[in-house]
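Below is one structure, written out as structure tokens; comments come after it.
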Amino acid sequence: MSVHSHATTELSERVSISGFTRIVAGYLDESDATYGNYSNSLSISEQSLFAIQGDVIITDTLSASGQLLAHSSEERDSGVEWLYLTYEPNYNWQFKLGKLRTPFFRYTDVIDVGFSYPWISPPQQVYSGFLFSNYEGASGTYKFNIAELNFDVEAYYGTYSGDFSRAGEEIAIDVDEIKGLIFTLNRGNLTARASVTQSSDFYADFPGFNDFADILEAAGYPENAESLRFNGKATGYQANINYDTLDYFIASEWVKIESDLLVVPQLESMYLTLGYNFDQFQLHLTFATSDSSYNIPENLIPKFIDDQLTELSFIYDGITNNLPLYSLDSLTAGLRWDIRFNLSAKAEITFLKGKSNENSFFEDITNPNFDRKATLYQIGLEWVF
């Protein structure tokens with residue numbers, strides 16, 4: 001074998017290229033609002049994407065991974081989705097450093113790989129945009145076994161600079177500290193996971209909020225002023241349990257967000273999914289629900305004593321009374337057809353029922369009488385290579 005062919009063979013053994021793509025079309029039977037950016041006209045741009053990933057084995061214990069993603073939606077940037085080094089000194093330990101996925105949920109690492117889960121769109125109540133999809137930092141995972149039980153314990157720490165989604169708005173935000181802990185248990189067909197994540201040291205430029213906060217502070221009401229600033233912390237709790245056989249599966253996931261930030265809701269949500277496999281097909285049914293509230297401090301600005309203070313007090317009430325709320329029940333029925341081992345087609349229908357006086361994850365509400373009820377139809381093609 002020549003030196004050139006030997007080097008080529010060695011390189012091919014150390015470098016692997018993979019990727020995935022999805023084409024999703026959706027239609028919402030409602031003209032008074034959008035949901036997941038879907039409206040009452042057929043669209044293929046909201047969730048369609050293409051990604052390619054490269055993995056390089058540097059040494060027996062060190063590797064590098066990077067993923068480039070091209071997304072068709074205007075609401076999401078294309079570019080480097082992750083880029084990190086992995087160090088595995090032995091079977092038990094794994095460390096990562098770089099730009100990583102923030103592991104909030106069960107499907108966080110593969111949320112863009114629709115082939116890896118039953119739905120076309122994971123339940124919005126859980127997999128919403130309140131939290132940060134990526135972070136720059138490090139993680140460490142320890143794996144161990146006790147009898148037939150397999151455990152993973154993961155800790156991570158980092159920062160985030162990007163966008164935060166709120167009622168259809170994208171707000172630029174910097175988070176100086178994101179930290180979390182994850183426990184995972186596997187035994188046969190059963191998997192369970194529990195995690196906690198805390199984000200703090202925020203900076204965000206909410207249009208109008210910071211300027212009005214300065215006015216309130218100058219007027220002598222620092223507590224109400226501080227509530228309009230993005231100073232504080234948010235903590236997310238998550239748990240899921242899944243049982244999967246060749247014939248059927250059942251899965252449930254629960255999430256709770258606690259926050260002392262006025263603009264981040266206190267949110268509790270969950271879903272329950274049942275599925276049945278037969279031949280090359282999969283039927284699934286998912287119920288999901290959510291409820292939200294805010295920590296709103298008492299309005300200390302007096303009314304009807306001074307005209308300027310009265311105006312400030314009413315403006316403050318207007319801000320706090322119009323914070324978006326996210327109570328929503330949904331029922332999703334779907335069919336998946338595995339055409340090949342790496343190619344699947346999906347069809348899905350989701351019935352949405354929110355509260356009439358809330359946003360309920362709907363965006364661009366143009367009619368105040370909209371009853372927050374709609375049906376979302378989707379079809380998709382998922383491919384991994």
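Annotations for the structure displayed:
- In plain terms, the residue of F249, F362 with the fewest other Cβ atoms within 10 Å comes first and the most crowded comes last, giving F249, F362.
- Positive-pole candidate from G26, N40, A192, dipole of the stretch 15-384, charges at beta carbon: A192
- Check: the stretch 220-321 dipole with +1 on Lys, Arg Cβ and -1 on Asp, Glu Cβ, in debye: 120
- In terms of distances greater than 24 angstrom between alpha carbons, the cross-link table entries K99/K233; K233/K256; K96/K346 yield K96/K346.
- Between the residues G137, Q266, A345, the greatest Cα displacement towards the positive end of the dipole of the chain, with unit charges on the Cβ of Lys, Arg, Asp and Glu, is found for A345.
- Taking the number of Cβ atoms within 10 Å of each Cβ as an exposure proxy, the fewest-first ranking of H71, H284 is H71, H284.
- When its C-alpha radius of gyration is set against 2.2 N^0.38 Å (N residues), the stretch 15-384 gives a value of 1.07.
- For the pair A219 and F50 in one chain, pulling the backbone fully straight at 0.36 nm per residue adds 55.6 nm over the alpha carbon distance.
- Relative contact order (%) - criterion: Cα under 8 Å, at least six apart; region: the chain: 15
- Among Y91, Y248, Y237, residue whose mean-square fluctuation peaks in a GNM of the chain (springs only between Cα atoms under 10 Å): Y91
- When +1 charges are put on Lys and Arg Cβ atoms and -1 charges on Asp and Glu Cβ atoms, the dipole computed for the stretch 15-384 relative to its Cα centre reaches about 1400 debye.
- Extension gain (nm, one decimal) between Y276 and K233, 0.36 nm per residue minus Cα-Cα: 11.4 nm
- Computed over the chain with a Gaussian network model linking Cα atoms closer than 10 Å, the most mobile of N37, N186, N359 is N186.
- Burial ordering of W82, W383, W93, fewest other beta-carbon atoms within 10 Å first: W93, W383, W82
Rule-based calculations on the coordinates, nothing more; no lab input. Since this is a predicted model, take the numbers as computed values, not measurements. All Cβ positions, glycine included, derive from the backbone under ideal geometry; neighbour counts span all protein chains shown.
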